[in-house]
Each structure stands twice: as structure tokens, then as C-alpha cells.
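Right, one structure below, let's go through it.
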Amino acid sequence: MTRKKAPANPKDDLRKQAEKIVKAKNARMPKDIQVLSPEEMWRMLHELQVHQIELEMQNDELRRAQAELDASRARYFDLYDLAPVGYCTVSEEGKILEANLTAATLLGTDRSALIKQLFSRFIPREAQDIYDLHRKKIFEIGEPRACDLRMRKNDGTVFWAHLAATAVQGADGAIVYRVVISDITERKRADEKFEHLAIHDQLTGLFNRYSLEDILNRTIAKAKRGVISTLLYMDLDNFKDVNDSVGHNAGDEVLITLAGLFTGAVRTEDIVFRLGGDEFAVLLDGMASRVSLPTAERLRAIIEAHRFELEGRLFPLSISIGLIEIDGVLAAGQLLSQADAAMYRAKAEGKNRVVVE
């Protein structure tokens, strides 16, 4: 019965290979090195030890440099990922190649889910033209550009964004689109609020004198194309009695009530304005003066019939109205001046009446 040989140990094979390499190196060693004196051998050993220490020191320096590089890279990625704005790199075909965590948060999805998605997927249909023109200009002109537009999160929520972008050449030579995304929803809301305050009366919520001049100019342009309208210029009679008797807070209540009465008595296409103090105006869109006169009389009658009861007292209030047709001949300033004059004639003739200019 033959005995089986024990399996070879891989370590033994490695050792044999190493011994062969050493013997081969020794065989190529110059003869004069092999006959060195002990003193020369010690000197050579010293040199080798010094060289070894130098190598170890260099290795330590390399490790320190690598650690600093790793720390710097980590800081960069922290700054990149946790920046207050979103960063995306987009291919020329419109696919997202890279994105930071902020971009993923803004768009309401995981960063990994963004990669290879079309950036335009997050642009609502109504803003698509703005985005397409923005990209086209960047690739054509090659200069940084910015635009404000609405974007849509992954769940469908829409927000206002400011895109600042540029086209650059990537490492592979391809042109890429680098875009910075800022959420400007709050800023847009503030802008809209300020715009609203600029053209609306704060007490009544009606359009103010500033907006009247702008809307009048547009109405005059329409009149030159054949669409005639009418302006009613109104002032509350005996309003001073309210302020003097029961105070300005009660007077404000009267003005708010008037705004509601005027708005409820005209068509949705008509516009009511508070010009300041107790002066109001109504623009009757597309109505000539002869057609508008019944409306003016109805407004006058509504105010005359209304019971203005304040702090237990009844105040008999009425309005005087100056009516002027907008036919495209007079400028806005002239229209307002003549409507105001007609209103004062109504007051002079006994108040609570309509005077046609």
C-alpha cells in the first residue's frame, strides 16, 4: 500500500522562489563587493540604514500629505454637498451627470435618483420655453447666464428658482452645463406682496391712484381702437361730520363699507379705485357715457339708501359723481382733471348727484 504524499505547503513554495531570487541577485553582485573588509561592510551597512531611515521619513511625509489631501477633499465635499444652493452638472443632451445633496433636497429626491435624469423633467410645462432659451443662449454665447423660473419637485410641488449657469469643457472634452439652483420662493412672495402694496390701497384693498393712471393709459389705447369706456370720479358728501363726531377709526369703517358697496354694484370687468381720503373712482370698461349713466345713478342711490350707523348715531351720507367718457382723445391727466371738475360741479349744485362732463 503506497502512502500518499502530503500536499505541498504554499508558504514553502514562496520561500523557495524567494531564495532563488536572492541567489540570482548575489550572482550578479560585483566580485569586489563580495570581498569587502569588515570595516567596509559596516560602513555600507551604515549607509543602508541611513538610506532606510530617509525612505521611512519620506514615506511618513507622503502619508501626512495623503492625510491632508483626504481631509481637504472631505472639506470640499462637505462644502459642495452642504452648500446653501444646489449644484448640478448637466450633459449637452440635458442629462444630470452630478448633483450635490442640496440639489437633491431642493428637487425632493435622492441624489442617486437624479443621475441620468433629464434636468428638464423638473421644469413645469409653462416654464419650459424660458429654460430652453436659457440653455440655448448659454451654449451659443458661451457666457454665464441667469434666469428666474418655476421648478417642480419630484412630488409635483412647484417652487420659484434662480438658475445661474455656464457651459464648460469637461475632462473628457465634452461640453457640460454647470448650474447653481437657488430657491427664491420667499423672495418672490415678498416681491409680489410689495407689488400688491404699490398698486393697492392698504385700508380697503382697492386699486390706488397710482394704478388708476396706469390702467387709464391702457384704456385710452383701447379707446383709440374703438373700445369706449367711462370713468366715474366720486367723492363722499359730509364725510367730515363722521371724522369730527366719532373719530377716524369710525371714518375708516365707512370707507371700507363704501369699497364693498361699490365693488358689489359693478360688473367683474369694471375696476373700483380708492384715490385717497374719501375720493373713489370706477372704470366702467367698454361702456360709453350714455350707457354708463344708469350705473352711476345706481351707485349714487345705493349710498344714499345705506344706513351708516356708527356708535349709536345715524349719518346721512351720499356721493357726488363726475362722469367722463374715455374716447381716446384726452390723455390720462386731462381725463382725471376734467372728471374731478365735474365731481366738484356736482357738489356745488347740491351734492348727491351725477354730472356728465
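Each value in this text was obtained by applying a stated rule to the coordinates, not by laboratory testing. The model shown is predicted, which means the values in this text are computed figures rather than measured ones. Reconstructed Cβ throughout: ideal geometry from the backbone, glycine too, with neighbour counts over all protein chains shown.
Before moving on, here are some points about what is shown:
- Estimated FRET transfer efficiency when R0 is 45 angstrom, pair residue 298-residue 140 (beta carbons, to 0.05): 0.15
- Cα gyration tensor shape for region 200-356, rounded if a/c is under 1.5, else prolate or oblate: prolate
- Cα centroid separation, region 205-225 to region 328-357: 17 Å.
- Unit charges on C-beta of K, R, D, E only; dipole of the chain, Debye: 2320
- Extension gain (nm, one decimal) between residue 248 and residue 166, 0.36 nm per residue minus Cα-Cα: 23.8 nm
- Relative to the current alpha-carbon distance between residue 211 and residue 192, full extension at 0.36 nm per residue lengthens the span by 5.3 nm.
- Maximal additional length on extending the residue 79-residue 203 stretch stands at 39.9 nm, based on 0.36 nm per residue less the C-alpha distance.
- Theoretical ellipticity at 222 nm over the chain - DSSP helices of four or more residues, -39500 (n - 2.57) apiece, nearest 500: -16500 deg cm²/dmol
- Looking at region 199-302, the GluC sites (Glu not before Pro) that sit in a DSSP loop and have at most 14 other Cβ atoms within 10 Å of their own Cβ are 269.
- Residue order, fewest to most beta carbons within 10 Å, for 261, 330, 212: 261, 330, 212
- Each of residue 338 and residue 227 was given a label point 7 Å from its Cα along the Cα-to-Cβ line. The distance between the two points is 2.1 nm.
- Listed values (i) 90, 23, 20; (ii) 28, 24, 23; (iii) 35, 22, 19, entry calculated as semi-axes √(5λ) of the Cα gyration tensor in Å: (i)
- For residue 276, neighbours were defined as the other residues whose beta-carbon sits under 9 Å from its Cβ, and their charges (Lys and Arg +1, Asp and Glu -1) total -1.
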